[in-house]
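Comments concern the structure below.
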Amino acid sequence: MALTPSTMLALGTPAPDFALPDVVSGKTVSLSTFANKQALLVMFICQHCPYVKHVKEELAKIGQDYQQSGLGIVAISANDVANYPDDSPQKLKEMAIALNFTFPFCYDESQETARAYTAACTPDFFLFDGDRKLVYRGQLDDSRPGNGLPVTGKDLRTAIDAALAGEAISPEQKPSIGCNIKWKPGNEPRY
């Protein structure tokens with residue numbers, strides 16, 4: 001289990017476009033899917049990672065808590081399924097259904113979207129404002145597997161609430177930590 005931090009992409013970076021299939025509905029999801037939303041949360045997660053397993057219920061709860069708000073949410077898995085079959089689209093679909101995700105869960109087979117976002121770990125969070133400029137890229141909260149701290153989503157929720165209120169978000173942000181994205185052999189990015 002390699003501990004990998006977020007790349008901490010520069011704040012203000014525009015959200016890269018994408019077009020990926022939702023593993024549950026089969027529909028293509030893209031930035032334009034969320035055109036009417038005040039803010040957009042892009043989460044890189046997977047099914048097998050212990051760090052994602054540690055926070056998965058909170059991720060589902062965030063989806064439910066903000067479902068009627070101006071926040072759009074999309075989860076993306078980009079892991080190499082040849083070497084990590086637990087992250088196959090079928091397994092991701094089972095995860096989304098079991099957790100009652102209220103947001104699309106997409107599979108990035110080419111890994112191009114993960115590269116465009118400089119995603120490095122699971123979970124990795126990217127929050128964009130209404131102009132789709134990056135305002136937060138950091139941790140969910142201080143909880144990690146085994147550290148005994150409760151999973152609250154405090155850091156991410158604070159950023160979401162500020163973005164929805166049109167308030168500034170502190171640039172002092174702690175990187176997310178998790179398992180590295182499982183890149184296909186020869187596809188590892190040079191961030």
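Hey, could you get me the Stokes-Einstein D for the range 57-136, Kirkwood radius over alpha-carbon pairs, 25 °C and 0.890 mPa s, rounded to whole µm² s⁻¹?
My calculation gives 179 µm²/s for D.
For THR7, what residues show an amide H to amide H distance below 5 Å, using hydrogens built from the backbone and excluding near sequence neighbours?
ALA120
Tally Lys and Arg at +1 and Asp and Glu at -1 over the other residues with C-beta under 14 Å from the C-beta of LEU92: what net charge comes out?
-2
Through the Karplus equation 6.51 cos²θ - 1.76 cosθ + 1.60, θ set to phi - 60°, convert the phi angles of the range 83-94 into ³J(HN,Hα) values in whole Hz; use x for Gly and Pro.
9, 9, x, 5, 9, 5, x, 5, 5, 5, 4, 4
Please list, in chain and number order, the residues 5+ apart from ILE181 or on another chain whose amide H is under 5 Å from its amide H, with Hs placed from the backbone.
Hits under the 5 Å cutoff: CYS121, THR122.
Which whole-Hz couplings ³J(HN,Hα) result when phi for each residue of the range 52-60 is put into the Karplus expression 6.51 cos²θ - 1.76 cosθ + 1.60, θ = phi - 60°, listed in order with x for Gly and Pro?
Coupling constants for the range 52-60: 6, 4, 5, 10, 4, 5, 5, 4, 4 Hz.
Hey, any idea what the orientation-averaged projected area of the convex hull of the chain's Cα atoms comes to, in nm²?
For the Cα atoms of the chain, the hull's average projected area reads 9.8 nm².
Can you say what percent of the DSSP beta bridges in the range 4-180, counting only those with both residues inside, are antiparallel? Round to 5.
Percentage antiparallel, nearest 5: 65.
Using +1 at the C-beta of Lys and Arg and -1 at the C-beta of Asp and Glu, which of CYS49, PRO171, PHE128 has the Cα lying farthest in the positive direction of the dipole of the chain?
CYS49
Explain nothing, just compute: Karplus ³J(HN,Hα) = 6.51 cos²θ - 1.76 cosθ + 1.60, θ = phi - 60°, for every residue of the range 67-81 in order, whole Hz, x for Gly and Pro.
4, 8, 9, x, 9, x, 9, 9, 9, 9, 10, 10, 5, 5, 6
Name the residues whose placed amide hydrogens come within less than 5 Å of the amide hydrogen of CYS46, ignoring near sequence neighbours (fewer than 5 apart) on the same chain.
Under 5 Å from the amide H of CYS46 lies no amide H from a residue far enough along the sequence or on another chain.
Coordinate-derived values only; no laboratory data. Bear in mind that the values here come from a model prediction, so they are computed numbers and not experimental data. With ideal geometry, Cβ positions are generated from the backbone for all residues, glycine too; neighbour counts draw on all protein chains shown.
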